[in-house]
Amino acid sequence: MSNIPVEIAEFANRCESKMKSGLTEEELTAQIRDDLEAVLDKGFDLPTPFTTPNPDHYVMYPLYISDDGDFCVASAVWGVGQRTPVHGHETWGVVGIYSGRETEKQFEKPTGSSSALVETGEVTWRPGEVTVCCTTDDDVHEVWSDGNEPCVGIHVYGANIGELRRRKYDPMTGEESWFVSTWAPIGVGG
């Protein structure tokens with residue numbers, strides 16, 4: 001991808017090397033988390049086209065997609081008060097906050113019965129903070145911009161998240177459906 005900061009391009013290259021090194025998912029995501037934390041701590045300028053919110057819904061801009069689609073780096077942007085549906089990822093993920101605040105509400109993964117989802121926790125992430133947000137087999141959460149400015153996060157996933165079919169859930173009934181978080185056109189807020 002052109003116009004991405006050199007720090008993100010170098011980070012993506014390091015991630016690709018880590019993915020080829022035979023690490024377990026837990027080892028891989030821990031190393032990516034630590035690397036992303038260092039990148040955010042050092043600082044870089046993310047161009048405006050990758051930080052532009054859509055007035056109606058959150059958007060994801062591709063910063064890097066591996067040739068084989070087995071991992072990507074994205075800029076996820078929420079306008080003030082915008083949120084995702086309750087969802088899972090079907091892959092691992094690491095998230096670091098570039099600007100703004102993101103609040104995450106976590107739920108137990110449904111076991112197939114039709115009942116309200118059970119909340120397990122809530123945390124607010126601030127600039128520079130990084131978390132392993134999901135694993136391949138166990139994650140259900142909802143996130144939103146929690147503050148008076150848009151939230152921009154750097155998201156790293158073990159798949160091309162802009163093409164991956166994922167589950168979303170009705171938190172009141174546990175009903176499951178499928179969706180794809182398609183990539184937003186760069187700089188126009190989707």
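The values are calculated or read from the model by the stated rules, or taken from the named source; none is laboratory data. All figures in this text were calculated on a predicted structure; none of them were measured in a lab. Here the Cβ positions follow ideal geometry from the backbone for every residue, glycine too, while neighbour counts run over all protein chains shown.
Out of all the residues in region 1-10, which are in contact (Cβ under 8 Å) with a residue 40 or more places away in the chain and out of contact with any Leu (no Cβ under 7 Å at 6 or more places or on another chain)? Once the filter is applied, which keeps residues that are in contact (Cβ under 8 Å) with a residue 40 or more places away in the chain and out of contact with any Leu (no Cβ under 7 Å at 6 or more places or on another chain), region 1-10 yields N3, A9. The numbered conditions (1) touching a helix residue (DSSP H, G or I) at 6+ places or on another chain (Cβ under 7 Å); (2) more than 30 Å from V86 (Cβ to Cβ); (3) among the aliphatic types (A, V, I, L, M) are all true for V39 except (2).
The residues in region 70-97 that are in contact with a Leu (Cβ under 9 Å, 6 or more places away or on another chain) and either among the β-branched types (V, I, T) or surrounded by fewer than 22 Cβ atoms within 10 Å (Cβ to Cβ) (or both) can be counted, and the count is 7. Residues in region 33-58 that are among the aromatic types (F, W, Y), in a loop (DSSP other than H, G, I, E, B) and crowded, with 21+ Cβ neighbours inside 10 Å: Y58 alone.
Among the residues making up region 39-92, those that are modelled with pLDDT of 95 or more and among the acidic types (D, E) are D41, D45.
Condition test on T103, is it over 30 Å from P47 (Cβ atoms), among the hydroxyl-bearing types (S, T, Y) and surrounded by fewer than 18 Cβ atoms within 10 Å (Cβ to Cβ)? Full working, then the answer.
Values: over 30 Å from P47 (Cβ atoms): no; among the hydroxyl-bearing types (S, T, Y): yes; surrounded by fewer than 18 Cβ atoms within 10 Å (Cβ to Cβ): yes.
No, not satisfied.
Residue check: is E129 in contact with a strand residue (DSSP E or B) (Cβ under 9 Å, 6 or more places away or on another chain) and either among the hydroxyl-bearing types (S, T, Y) or within 17 Å of D70 (Cα to Cα) (or both)? Judged against the criteria, E129 is not a match.
Inside region 146-185, residues that are aliphatic (A, V, I, L, M) and surrounded by fewer than 20 Cβ atoms within 10 Å (Cβ to Cβ) make up a count of 3.
Can you tell me how many residues within region 11-32 are surrounded by 13 or more Cβ atoms within 10 Å (Cβ to Cβ), in a helix (DSSP H, G or I) and free of Cβ contacts under 8 Å to residues at least 40 places away in the same chain? Within region 11-32, residues that are surrounded by 13 or more Cβ atoms within 10 Å (Cβ to Cβ), in a helix (DSSP H, G or I) and free of Cβ contacts under 8 Å to residues at least 40 places away in the same chain number 3. Residues that are more than 16 Å from G153 (Cβ to Cβ) and at pLDDT below 95 within region 2-15 comprise S2, N3, listed in sequence order.
Examine region 59-71 for a residue that is part of a helix (DSSP H, G or I) and under 20 Å from E163 (Cα atoms), and state whether such a residue exists.
no
Out of I4, I8, I32, report the one residue that is over 23 Å from P150 (Cβ atoms) and aliphatic (A, V, I, L, M).
Values: I4 fails: over 23 Å from P150 (Cβ atoms); I8 fails: over 23 Å from P150 (Cβ atoms).
Exactly one of I4, I8, I32 is over 23 Å from P150 (Cβ atoms) and aliphatic (A, V, I, L, M), namely I32.
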